[in-house]
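Heads up, the thing below is written out as structure tokens.
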Amino acid sequence: MSIFSRFLLCLLLISANAFSQKEKSSFQIVPLGIKGGIDEKNLSAYLLAPANTKDFICLDAGTVNAGIEKAIENKVFKVSTSEVLRKYIKGYLVSHAHLDHVSGLIINSPADSSKTVYATDKCMEMMENHYFNDQTWANFGDKGVGFPLKKYHFQTLNLGEETPISNTKMTVKAFPLSHVNPFESTAFLVKSEDSYALYLGDTGPDSVEKSDKLKALWTAVAPLVQSKKLKGIFIEVSFPNEQPDKFLFGHLTPNHLMTELHILEDLAGKGSLNNFKIIITHLKPPAKNITKIKEQLKSQNDLGLKIIYPEQGKKFEL
Ligand SMILES: [Zn+2]
Ligand SMILES: [Zn+2]
């Protein structure tokens, strides 16, 4: 065989191999907002849908309108802002009631269509009592104080219970997180067919929170990591390692993230997180801190994680 034909054969084998390893994606994600503070046009909100559908759920809703506009600018959506808001977003999953996770939902509610808002009972109670209460804002919900306008169905999620997400083929299971103990945030395990995506709202590390909530979550999802059914984890890193534990305010640093993910790896098996997709959310400005966080995560990535930094209005797949 000539050197040239050997070369061709080699190329062919490499590309065949690459092709067989490329799996079909299960989810599409369009981030509407990605930061953990200050920039009100770019706060935590992630649209998630089964691949090849327009049945999106919005995971947290810090920024909605500005994110949809950005996605339209990027040609991710070819319809109007109003159509994305009213028709593509089938519901909201709210991890906790902090304003950087709900302000987009509140402000856009007059223009929105009828749909379901999902949250745990504590979070829902806060939204009913402090936001949709006919005083700070009209009550667009179907329960709570004042005069309910019944645009939104406020559905309480029971922890650990698989709940269908209306008008989609997805289901969700909620897990509690500790976000300055005893204040709770939520993790959502979303299922589409036989695939899963895990989204964590704000959380501190178990060691600082004096909690076992992350440990319990890792224990619950470890079998899905093992079976490769879990396609990715959205998790926050708010501060660089220089932030002292006593000033974490219920957030993670690169050090704490890696410690937590090592616990997950211990549960799922050595090497189980190699090439596993970790989507880093809630990076807090200033920009120099964000740069530092990225450098630290890169240098501490001994698990072989595939670290993804989402960008506002840019679609990606899992
Ligand atoms: Zn937050
Ligand atoms: Zn928070």
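Here is a check on your reading of the model: is Asn139 buried (at least 17 other Cβ atoms within 10 Å of the Cβ), away from ligand 2 (no atom under 16 Å from the Cβ) and over 21 Å from the mean Cα position of the chain (by Cα)? Yes, satisfied. Selection of first residues in the stretch 170-194 that are on the phi > 0 side of the Ramachandran plot and of second residues that are away from ligand 2 (no atom under 14 Å from the Cβ) and in a strand (DSSP E or B), restricted to Cβ pairs under 8 Å at least 6 apart or on distinct chains, gives the following pairs, ordered by first then second residue: Glu193/Pro50. Among the residues of the stretch 272-293, those identified as part of a helix (DSSP H, G or I) and either open to solvent by 80 Å² or more (accessible area, probe 1.4 Å) or within 16 Å of ligand 1 (Cβ to nearest atom) (or both) are Lys288, Asn289, Ile290, Ile293. Inspect the stretch 114-135 for any residue being under 26 Å from Lys213 (Cα atoms) and among the aromatic types (Phe, Trp, Tyr) and give the result as yes or no. Within the stretch 114-135, one or more residues are under 26 Å from Lys213 (Cα atoms) and among the aromatic types (Phe, Trp, Tyr). Kindly establish whether Ser207 is of a type in the set (Ser, Thr, Tyr) and either in contact with an Asp or Glu (Cβ under 6 Å, 6 or more places away or on another chain) or surrounded by 16 or more Cβ atoms within 10 Å (Cβ to Cβ) (or both). No; evaluated as a whole, the condition is false for this residue. Just wondering, is there one or more residues in the stretch 286-303 that are within 16 Å of ligand 2 (Cβ to nearest atom), farther than 23 Å from Tyr46 by Cβ and without any contact (Cβ under 8 Å) to a residue 12 or more places away in the chain? For the stretch 286-303, residues within 16 Å of ligand 2 (Cβ to nearest atom), farther than 23 Å from Tyr46 by Cβ and without any contact (Cβ under 8 Å) to a residue 12 or more places away in the chain: absent. Taken as a whole, the condition of being crowded, with 21+ Cβ neighbours inside 10 Å, away from ligand 2 (no atom under 16 Å from the Cβ) and not in a loop (DSSP other than H, G, I, E, B) applies to Gly232. A single entry from Asn52, Asn42 fulfils the requirement of being farther than 27 Å from His251 by Cα and not hydrophobic (A, V, I, L, M, F, W, C): Asn52. Would you confirm, using the coordinates I've provided, whether Gly146 is open to solvent by 20 Å² or more (accessible area, probe 1.4 Å) and away from ligand 2 (no atom under 16 Å from the Cβ)? It is true that Gly146 is open to solvent by 20 Å² or more (accessible area, probe 1.4 Å) and away from ligand 2 (no atom under 16 Å from the Cβ). When the stretch 238-271 is filtered for residues that are surrounded by fewer than 19 Cβ atoms within 10 Å (Cβ to Cβ) and among the small types (Gly, Ala, Ser), the ones remaining, listed by number, are Gly269, Gly271. Hey, does the stretch 150-161 have a residue that's over 28 Å from Lys70 (Cα atoms) and more than 22 Å from the chain's Cα centre (by Cα)? Checking the stretch 150-161: at least one residue is over 28 Å from Lys70 (Cα atoms) and more than 22 Å from the chain's Cα centre (by Cα).
Put simply, of Asp112, Asp121 the only residue that is among the acidic types (Asp, Glu) and open to solvent by less than 10 Å² (accessible area, probe 1.4 Å) is Asp112. Looking at this structure, is Thr116 modelled with pLDDT of 95 or more, in contact with a His (Cβ under 7 Å, 6 or more places away or on another chain) and more than 16 Å from ligand 1 (Cβ to nearest atom)? Here the answer is yes, as Thr116 does meet what is asked.
When Ile165, Ile107, Ile89 are checked against the criterion of being open to solvent by 70 Å² or more (accessible area, probe 1.4 Å), touching a residue at least 24 places away in the same chain (Cβ under 8 Å) and away from ligand 1 (no atom under 16 Å from the Cβ), a single residue qualifies: Ile107.
The values are calculated or read from the model by the stated rules, or taken from the named source; none is laboratory data. These numbers were taken from a predicted model, which means no experiment stands behind them. Neighbour counts are summed over all protein chains in view; Cβ atoms, including those assigned to glycine, are modelled from backbone coordinates with ideal geometry. For the accessible areas, the whole protein counts, side chains as well, though only heavy atoms, and no ligand, DNA or RNA atoms are used. Shrake-Rupley method; radii C 1.70, N 1.55, O 1.52, S 1.80 Å.
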